[in-house]
């Protein structure tokens, strides 16, 4: 029996369970990476205004569609609203700019990149700077702007990223369109079970960034630096399970999340890993192995958004 490769969203649209995450892919490798991923049958590409790669992704997608005859509606594209454009009347202009860069008429999913608004710019920088001036914004007002992108046909689904349950609840109380997705850090060390339960209760799809634990990411935040002994892809439990199924550790980690009903967005520009990451639908982990992976939870985030420390809307208790 063929395994399902999509999840159903609360608005009737479908989202592929595996996306190519494009944050931090080197600029010079982006176009080739996107083309290769599409050739490998990736049908979900995750980007953001802040990543600065929308133009390259749009170019690669256009060339792929024209050369293969694959239809636009068969490729799911996600992008995100930057923190600098969270005032209600700047949301539609922001998605218009992303659509211009992507060379698309619509995106399949448009997410608020995070709940922390920064001072709104009156221009769209080629590469988004990390502004440091906080700006108080009622997230319900931002959400009204997000809803407008659906009414105008610019986004088929809308959602959020890095929101906690209280912030989601606040939006849902008055939303005309319920968030379809919450994209947050999720992996075996930080499985987000309480937030996942909350999202399921609201029929909101949880989506994982850093699904492998980002073991090689060297960010400015000290808490992002993973000790060698805590590297999930080398962890003895994961390695043992991978050997049992004749799979890689990365495939086991991704399969675990997909079996929990979570969309995953692994990032890689390595052709071998790209292929492995999409090939997780021909095996299942048994209940015993799922429980073993549950036991790896240590509650430690990799991405703490420490550059928003002190922001009134910072979503994490652990800053």
Just to verify a result, which residue in the stretch 281-319, among those that are closer than 22 Å to residue 255 by Cβ and free of Cβ contacts under 8 Å to residues at least 40 places away in the same chain, is farthest from the chain's Cα centre (by Cα)?
288
Report yes if some residue within the stretch 126-135 is over 21 Å from residue 265 (Cα atoms), touching a strand residue (DSSP E or B) at 6+ places or on another chain (Cβ under 7 Å), touching a residue at least 12 places away in the same chain (Cβ under 8 Å) and loosely packed, with under 15 Cβ neighbours inside 10 Å; otherwise report no.
yes
Got a sec? Which of 23, 60, 67 is surrounded by fewer than 14 Cβ atoms within 10 Å (Cβ to Cβ) and more than 23 Å from residue 140 (Cβ to Cβ)?
67
Would you call residue 34 crowded, with 17+ Cβ neighbours inside 10 Å, in contact with a strand residue (DSSP E or B) (Cβ under 8 Å, 6 or more places away or on another chain), in contact (Cβ under 8 Å) with a residue 24 or more places away in the chain and over 21 Å from residue 112 (Cα atoms)?
yes
Can you tell me which of 2, 28 is surrounded by fewer than 18 Cβ atoms within 10 Å (Cβ to Cβ), assigned to a helix (DSSP H, G or I) and at pLDDT below 95?
28
Residues of the stretch 84-100 being in a helix (DSSP H, G or I), surrounded by 21 or more Cβ atoms within 10 Å (Cβ to Cβ) and either on the phi > 0 side of the Ramachandran plot or touching a helix residue (DSSP H, G or I) at 6+ places or on another chain (Cβ under 8 Å) (or both), in sequence order, are 85, 91, 94, 95, 98
Within the stretch 267-319, which residues are assigned to a loop (DSSP other than H, G, I, E, B), modelled with pLDDT of 90 or more and touching a strand residue (DSSP E or B) at 6+ places or on another chain (Cβ under 6 Å)?
267
Of the residues 77, 15, only one is over 30 Å from residue 134 (Cα atoms) and in a strand (DSSP E or B); which?
15
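The values are calculated or read from the model by the stated rules, or taken from the named source; none is laboratory data. A quick note: this is a predicted structure, and the numbers were derived from the prediction, not measured. All Cβ positions, glycine included, derive from the backbone under ideal geometry; neighbour counts span all protein chains shown.
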